[in-house]
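**Student:** If you scroll down you'll find the structure; I have some questions about it.
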Amino acid sequence: MDLRPFRVLLWTAAALLAVELGLESRAVSRGWEGFLLGKHAGWNTNLDERYGPSAEFPFRSLAIQPERDPTRLRLWLASSSYGEDIQLMADEIFPNQLVDELAAGGLAADMLNASRAGLHVRANSLQLAELGPLWRPDVVLLYQMSNDIDRISELDARAAAGAEPGTPGVGNHASVTGLGPIARWTERMTTYHHLKTQITTRLTRARILSDDLGEDGEALYLAWVTEFVEAARNLGAEPVLCTFATSHGTADLDQLPTPYEQQILSINVELSMQGWVATVERWNAGLKQMARDEGLLLVDVAAEMRGRPGLFRDFWHFTPEGHKRVAGVIARTLLEARR
C-alpha cells in the first residue's frame, strides 16, 4: 500500500504522539495517570495497608472497626480533594496528621476521613446520613467550599440563561464524551487537557465575569451548611465548622501565579479571580457568624494560612507542610475547647 498520499497526516500524528508522550511523562512523574503511560510504577498513595479506603472501611485514614472505643474521640472529616489529596501519602494529609497532633496534646482520637474529590456540602450531608449511623462519630468537621462556589455559579448561569435545572450545555463545561470512542480517547489525553485549559482560560478571560455571587449565593451556601450541621446533630455528634483557606486573598491577589489562575478559570467560567477571593472571604465571614449564632466550634483555617502561599501547591490544595499546619490549628482548637 502506497502511504505517500498520507505523509502529512502521518507526520502530524507522529508529532502529536511525541507531544503526548512528553506531556504524559511529566504528568505521570507528578503522580497523575496518563492515557498511554498509565501510572508511575512507584506511585501509590496507599502503600501502607493500614489505611483505607477499602470495601470494609470507606475512609482515607487508619482503618478502625465500627465498634466504639469509649476511651478515644472519634472524628469525621467531611471535605473534598483538599482532605483526600491522593497526590500525597495517606500519612501526610491533614486529617490523618490531626490524630497525631491530638495525641501529642494528650487526646486519643480516631479519624474517619470521608473526604472525596468532587463532593460538595450537600453530598457531604448525604454521605454523613448514610454512613454515620454505623460509624457513630463524636465530632464532625466540615472543610468545604470551592465545589459549592462552582455549583452555585453554575446554578446562577442556568438561571440567567432561562434554563431549567438539568438542561445540558448551560453553565456546564463542554465534553466530547458522547461523541464516540475516538472522541473519548481524545478527552483522556494529556494534550487535550492542556489545550482545553489554555483555550478555556483565554475564552473565560474575554467574557464579562462576575465579581461576586451576591447575598443569594451566600444564603444558599449557608443553607447547605445548616443542613450539614443538622445531619451531624441528628447523629448526636458535635458539628465543627472550618473556614476555607486559599493561597491568595484580596491583599495579595496581584501575586497569584498564572498557573493557579488558569486552573481556576478553566473550571469555573462565571467568576473572575476578584469574584473568587471576594466570595471565599464573604462566605468565611458567614461561617463565623453562623458559628456565633448557633454556638458552634469554629476552626479559622483561613486565618492560620493567610499570607503563606508557600504552604499551597495551587489555589486551594496544600503542600505536605501546609497539611501539617492545618492539622495543627484544628488540633489546637479542639484541645482548647476541651480544657
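The values are calculated or read from the model by the stated rules, or taken from the named source; none is laboratory data. Just so you know, these numbers come straight off a predicted model, no measurement behind them. Positions of Cβ are backbone-derived with ideal geometry, glycine not excepted, and every protein chain shown enters the neighbour counts.
**Student:** Please count how many residues of the range 314-329 are outside any helix (DSSP H, G or I) and either in contact with an Asp or Glu (Cβ under 6 Å, 6 or more places away or on another chain) or on the phi > 0 side of the Ramachandran plot (or both). Write out each step before concluding.
**Tutor:** In the first step, residues of the range 314-329 are kept if they are outside any helix (DSSP H, G or I); the result is 314-319.
Still in the running and either in contact with an Asp or Glu (Cβ under 6 Å, 6 or more places away or on another chain) or on the phi > 0 side of the Ramachandran plot (or both): none.
So the answer is 0.
**Student:** Let me ask something else about it. Checking the condition at pLDDT below 95, surrounded by fewer than 22 Cβ atoms within 10 Å (Cβ to Cβ) and either assigned by TED's automatic domain parsing to the domain that holds L220 or assigned to a loop (DSSP other than H, G, I, E, B) (or both), which residue from R68, R116 passes? It would help to see each step written out before you state the result.
**Tutor:** Numbers: R116 fails: at pLDDT below 95.
Within the list R68, R116, the selection yields R68.
**Student:** May I pose another question? Among the listed residues R282, R339, R292, R332, identify the single one that is in a loop (DSSP other than H, G, I, E, B), charged (D, E, K, R) and over 18 Å from the mean Cα position of the chain (by Cα).
**Tutor:** R339
**Student:** Would it be correct to say that T279 is touching a Gly at 6+ places or on another chain (Cβ under 9 Å) and under 17 Å from S80 (Cα atoms)? Break it down stepwise before answering.
**Tutor:** Details: touching a Gly at 6+ places or on another chain (Cβ under 9 Å): yes; under 17 Å from S80 (Cα atoms): no.
So T279 does not fit the description; no.
**Student:** Restricting attention to the range 75-90, and to residues there that are part of a strand (DSSP E or B) and in contact with a Phe, Trp or Tyr (Cβ under 9 Å, 6 or more places away or on another chain), which single residue is farthest from E101 (Cα to Cα)? It would help to see each step written out before you state the result.
**Tutor:** Of the range 75-90, the ones part of a strand (DSSP E or B) are 75-78.
Next, from what is left, pick out any that are in contact with a Phe, Trp or Tyr (Cβ under 9 Å, 6 or more places away or on another chain): 76-78.
Working: W76: 16, L77: 15, A78: 19 Å.
Going through the qualifying residues, I end up with A78.
**Student:** Scan the range 296-303 and tell me whether some residue there is out of contact with any Cys (no Cβ under 8 Å at 6 or more places or on another chain), in the same structural domain as R233 (by TED's automatic domain parsing), free of Cβ contacts under 8 Å to residues at least 24 places away in the same chain and part of a helix (DSSP H, G or I).
**Tutor:** There is no residue in the range 296-303 that is out of contact with any Cys (no Cβ under 8 Å at 6 or more places or on another chain), in the same structural domain as R233 (by TED's automatic domain parsing), free of Cβ contacts under 8 Å to residues at least 24 places away in the same chain and part of a helix (DSSP H, G or I).
**Student:** Moving on to the next point. On the basis of being surrounded by fewer than 16 Cβ atoms within 10 Å (Cβ to Cβ) and aliphatic (A, V, I, L, M), does L335 make the cut? Full working, then the answer.
**Tutor:** Working: surrounded by fewer than 16 Cβ atoms within 10 Å (Cβ to Cβ): yes; aliphatic (A, V, I, L, M): yes.
Yes; evaluated as a whole, the condition is true for this residue.
**Student:** Give the residue, chosen from E84, E101, E49, that is charged (D, E, K, R) and not assigned by TED's automatic domain parsing to the domain that holds S146. Don't jump to the end; show me each part of the working.
**Tutor:** Working: E84 fails: not assigned by TED's automatic domain parsing to the domain that holds S146; E101 fails: not assigned by TED's automatic domain parsing to the domain that holds S146.
After applying the criteria, what remains is E49.
**Student:** Answer with yes or no whether P309 is modelled with pLDDT under 95 and over 23 Å from R116 (Cα atoms).
**Tutor:** Numbers: modelled with pLDDT under 95: no; over 23 Å from R116 (Cα atoms): yes.
Here the answer is no, as P309 does not meet what is asked.
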